1. Would you call ASP129 closer than 20 Å to GLY10 by Cβ, assigned to a helix (DSSP H, G or I) and at pLDDT below 95?
2. In the list ARG302, ARG284, which residue meets the criterion of being closer than 19 Å to ILE176 by Cα, among the charged types (D, E, K, R) and open to solvent by 40 Å² or more (accessible area, probe 1.4 Å)?
3. In region 39-49, how many residues are within 25 Å of VAL285 (Cα to Cα) and open to solvent by less than 40 Å² (accessible area, probe 1.4 Å)?
4. Hey, could you check region 50-86 for residues that are over 30 Å from ALA281 (Cα atoms) and β-branched (Val, Ile, Thr) and say which is modelled with the lowest pLDDT?
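The values are calculated or read from the model by the stated rules, or taken from the named source; none is laboratory data. This is a predicted model, so every value here is computed, not measured. Cβ: placed from backbone, ideal geometry, glycine included. Neighbour counts: every protein chain shown. Surface accessibility is based on the protein's heavy atoms, side chains included, excluding ligands, DNA and RNA. Shrake-Rupley method; radii C 1.70, N 1.55, O 1.52, S 1.80 Å.
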Amino acid sequence: MRVGILTGGGDCPGLNAVIRAVVTKGERQYGDEVVGFRNGWAGVMEGDVMPLSAERCRDILPLGGTILGTSRANPYATEGGPEAVRATLEREAIDGLVAVGGDDTLGVAGKLAAEGASVIGVPKTIDNDLGVTEVTFGFHTAVQTATEAIDRLRTTAESHHRVMVVEVMGRHAGWIATYAGIAGGATEILIPEEPFSMSDLCERLLAHHNRDVSASIVVVAEGARPQGGEVITQTDQRDAFGHVRLGGISRVVADEIEARTGFETRLTVLGHVQRGGTPTAFDRVLATRFGIAAIDAIHDGRWGQATVLQSNEINLAPLTDLTGTAKLVDRDLFETVAGALVSLPG
């Protein structure tokens, strides 16, 4: 078979591990010819193809990012986009396409599959907000990066008796903030699922410092918002999927904390460092398992399905089950673990 693969949306640690697994098993076990489409759905629309081989992919397992490049191109927001995709797949004689991406990339894959395209999805997002699958690769790496940053910021916060506000990614779901906040012993964790009271936050920080504690760490997801307030954005411009660029909530929170408590407050926006770098062992293994399952699904003709992790088993689920609705942080986890530990001396 002639198999195509693309990576779309934001880059993510583990993407190259998926590519390697698809190519290596496809070539060596099934005798497939595998080609990659550069820069996500843009490369499929434009017919931008690069040959892939097991030899080419031999050393890419530990690399962050994606050797195929990525973009947020949306064929369904581009005039003639779906037709261009189908034309490329026919011209390149693609028997099956593996689309690796998050909600937007897999949403396109689901629409194409419904129209008869031979597509298999592989879920990825550092936000961990895709449904059905218990976890997505890249999430653990992002959490580890954020946790290490919190550990470093704690030492300077304690040295200068400051409040440190750390902004992490998380548009609709606060998985990174919750896990990194718990792992890093944060004083407060602010997530999109739970609008927060600025006055209550500052009262808790005052109480925290009254326990002879001279430093606090506040972890805030980029999509968090105060009660009655709006999500903070960097610009009104929207991408091809209608998303605005978030960022800036940490500045609002830091300014309010300093004004209301008098504590010297600094902020750190981790931004894209959460996406970069080498994937953790967990993410390498999960991405590899997803890639192997994807090439098997192609040979089984399981079109319109995506690989998912359920009870540590790799299964397949309809693409439409993974997209459209964000998987939010479990309230019990947040209240019983994060809620029990925040505002306590570390």
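1. On the way: closer than 20 Å to GLY10 by Cβ: yes; assigned to a helix (DSSP H, G or I): no; at pLDDT below 95: yes.
Answer is no for this residue.
2. Result: ARG284 is the single residue among ARG302, ARG284 that is closer than 19 Å to ILE176 by Cα, among the charged types (D, E, K, R) and open to solvent by 40 Å² or more (accessible area, probe 1.4 Å).
3. 1
4. Only one residue tops the list, namely THR78.
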